[in-house]
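What follows is a short report on a single structure.
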């Protein structure tokens, strides 16, 4: 650093007499790089963030022509006492729990399977990763077709081929409503799509485990099962926790996949918090103030959960 | 403890031999050192005994039981790795407990065994630490504790002191040897350090280029090397080797040096034959009436003695041990003698030692 500064000032003093006008000072160049970015950030990130915080305390509607009126904490009070919100949180909770748990288990299992190098392992790994690279809305729409009770092949594959026996999206079996069937359908697709992500992180963790640990364990007469629990799992744990953290945050915010498949239906059976928020903010009433307050509540919950994970992660790492 | 027997054990990678067929019998409680330069096949041999490496031919017997194709976990041997191979995510106590837990031993037994072994190695204060925070010597003590705690039939050690600094290496050398004697543990120890091998081994197996060169006690390999490689490799510096020609009871050496053969050697060679004369630095003595002569090329002071580098002619430099008090100016001509019983002779063609007849 010190030498660099000295050199640049030397160059400057030598060059300046001839072409003082054309030279930009280091500081000017710095500002030229920083300010456009900062302005963009302020316009599209900081301003909406703080403006929506303000709006969350008002009765503002994006479609109304009247100025927002200050309501204090009324929006927050209404939301936290509204059964709709708790319903949405319950649905989201189930969704997060099952989809993250299944992704973790399946992702781990896939990673263990493709860990060893064998003929075509690279190709198989790439194929497994494809769902992750698709757009969630497209995935949602495709799976909607696959789940179709009349011509979708999902029913055929699970042996429920006869027409009208199972309708996952409508949450009905043999024309009887079955609760949570539509939610299970969405969870299944999310697991299909994101297990590869867990696999990818776990795989990099597995590859980082040195062979000598397994050699030492073989000498120490540890069974494969014992090796898995006492070497593989603890060694992969930090990366596994990161995968789970990412997936939990993503699942809590999950929106596009559900919109593509069910739009929150039938009824509100698959209405996750983000879908509920969307309905409040943009469908029908345009209650922007209320929706802003809701968005802040979701944000706080996501941050709280992430912090729990990160603390756990640091404990696993610092160990 | 146990006996280990290798019968025509070999390891091939493709067409290349990592270890050419070798036979070896290791007695109960014996400390065997596999010694050789890197790439000579000593570690491969050790790993084949452990089962971490499969053999491509031959048989390995442990206590007369054929274990050639058994998994390492079925052989009842402990292995101490060069870079310790401690489990980084668990503390020292759990590292030592690992082999016992893996066998599903009861907690009381585990606690009892750990107590004994940490007392033996004096590492009680490390039990709650993680391996990452330990010094090299402590890591190696923990690795030894992990090997000792299960009371295996035999110990295999792969350059366990290779990663330690010189001082610590000497301390640990004594510690390991003392432990081995106390436990009467059959041990196979791999090293490239001939001083370590001389200091520790009951017997030394000298290997080079995948072939066993000589098996013998430290004294045997030092004083009666089987071939030129062993003569050069053992000792620091190694044996002085000067090529000459035999005729009429005298070996003609470079620089007009004539070395009359000591008793018993005259029948070992034929007239006109090329021979290599070998002698250790400490078996040569500076002597104004000495039969050999040369020019002092350099002197190194080693504290208790001077090491003289003497150029006999051309580039034939030999090392002599001389007393520390006398000064030998560089360029001076000196005369010296070889202790007659300590002279050795080799055939330069097949590089084998000649036998006294």
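Throughout, read-outs are computed from the coordinates displayed, never taken from laboratory work. Values in this document were obtained by computation on a predicted structure and should not be read as measured data. Using ideal geometry, Cβ is built from the backbone for each residue, glycine included, and neighbour counts are taken over all protein chains shown.
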**Request:** With a/c under 1.5 counting as rounded, go ahead and sort region B:42-197 into rounded, prolate or oblate using the C-alpha gyration tensor (a ≥ b ≥ c being the square roots of the eigenvalues; past the cut-off, prolate if a/b is larger than b/c, else oblate).
**Result:** oblate
**Prompt:** Of B:36, B:264, B:201, which has the largest mean-square fluctuation in a 10 Å C-alpha GNM of chain B?
**Reply:** B:264
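Could you tell me which of rounded, prolate or oblate describes region B:224-294, using a ≥ b ≥ c as the square roots of the eigenvalues of the alpha-carbon gyration tensor, with rounded for a/c under 1.5 and, failing that, prolate when a/b is larger than b/c and oblate otherwise? Provide the component values of the computation, followed by the final result.
Working: a/c = 1.82, a/b = 1.16, b/c = 1.57.
Because a/c hits 1.5 or more and a/b fails to exceed b/c, region B:224-294 counts as oblate.
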**Distance between region A:240-319 and region A:185-226 - C-alpha centres, whole angstrom** = 28
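When the convex hull of the C-alpha atoms of the protein assembly as shown is computed, what volume per residue in Å³ does it have? Kindly include the intermediate steps, with their values, before the conclusion.
Values: hull volume 215.2 nm³, N = 676.
It comes to 318 Å³ per residue, whole-number rounded.
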**Asked** Once the Cβ-Cβ distance between residue B:273 and residue B:211 is put in as r, and R0 is 30 Å, what FRET efficiency do you end up with, to the nearest 0.05?
**Response** 0.75
**Asked** Using Cα atoms only, what is the angle between the long axis of helix B:107-121 and the major principal axis of chain B, expressed in degrees (0 to 90) to the nearest 10?
**Response** 30
**Asked** What do you get when you divide the Cα radius of gyration of region B:240-346 by 2.2 N^0.38 Å, with N the number of residues?
**Response** 1.06
**Request:** Mind giving me the FRET efficiency for residue A:141 and residue A:180? R0 is 30 Å, r the Cβ-Cβ distance, nearest 0.05 is fine.
**Result:** 0.85
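What is the mean number of Cβ atoms from other protein chains located within 10 Å of the Cβ atom of each residue in peptide B:85-93, rounded to a whole number?
Values: counts 10, 3, 8, 6, 10, 4, 1, 0, 0.
Mean partner shielding for this stretch: 5.
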**Prompt:** For chain A, modelled as a Gaussian network with Cα springs under 10 Å, which listed residue fluctuates most, A:269, A:103, A:285?
**Reply:** A:285
**Message:** Can you give me the distance in nm between label points at residue B:199 and residue A:45, each placed 7 Å from the Cα along the Cα-to-Cβ direction?
**Reply:** 6.1
**Asked** At q = 0.07, 0.15 Å⁻¹, what log₁₀ I(q)/I(0) does a Debye calculation on the Cα points of chain B give, no solvent, two decimals?
**Response** -0.40, -1.19
**Prompt:** Which value in nm describes the separation of the simple spin-label points at residue A:22 and residue B:232, placed 7 Å from the Cα toward the beta carbon?
**Reply:** 6.7
**Asked** Rounded to the nearest 5, what is the percent of antiparallel bridges among the DSSP beta bridges in region B:4-233?
**Response** 50
**Prompt:** Which of these, B:314, B:255, B:57, has the largest mean-square fluctuation under a Gaussian network model of chain B (Cα springs below 10 Å)?
**Reply:** B:314
**Asked** Could you list, bin by bin from short to long, the percent of Cα-Cα pairs of region B:125-273 in 10 Å steps?
**Response** 9, 29, 27, 15, 12, 7, 2, 0
**Request:** Compute the acute angle (0 to 90°) between the alpha-carbon long axis of helix B:136-148 and the principal axis of greatest extent of the alpha-carbon atoms of chain B; round to the nearest 10°.
**Result:** 60
**Message:** Quick check on chain A: what are the equivalent-ellipsoid semi-axes from the Cα gyration tensor, as sqrt(5λ), descending, whole Å?
**Reply:** 42, 37, 20
**Fill in**
The FRET efficiency for residue A:133 and residue A:253, from their Cβ-Cβ distance with R0 = 22 Å and rounded to 0.05, is 0.70
**Asked** In degrees between 0 and 90, to the nearest 10, how far off the longest principal axis of chain B does helix B:92-102 point, with axes built from Cα atoms?
**Response** 70
**Asked** What whole number of Å gives the distance from the Cα centroid of region B:292-307 to the Cα centroid of region B:1-40?
**Response** 39
**Prompt:** According to a simple spin-label model (label point 7 Å from Cα along Cα-to-Cβ), what is the distance in nm between residue B:128 and residue B:12?
**Reply:** 5.7
**Request:** Specify, per residue and in Å³, the volume enclosed by the convex hull of the alpha carbon atoms belonging to region A:93-220.
**Result:** 154
**Diffusion constant of region A:141-196 at 4 °C, which comes from Stokes-Einstein with the Kirkwood Cα-pair radius and 1.567 mPa s, µm²/s** = 115
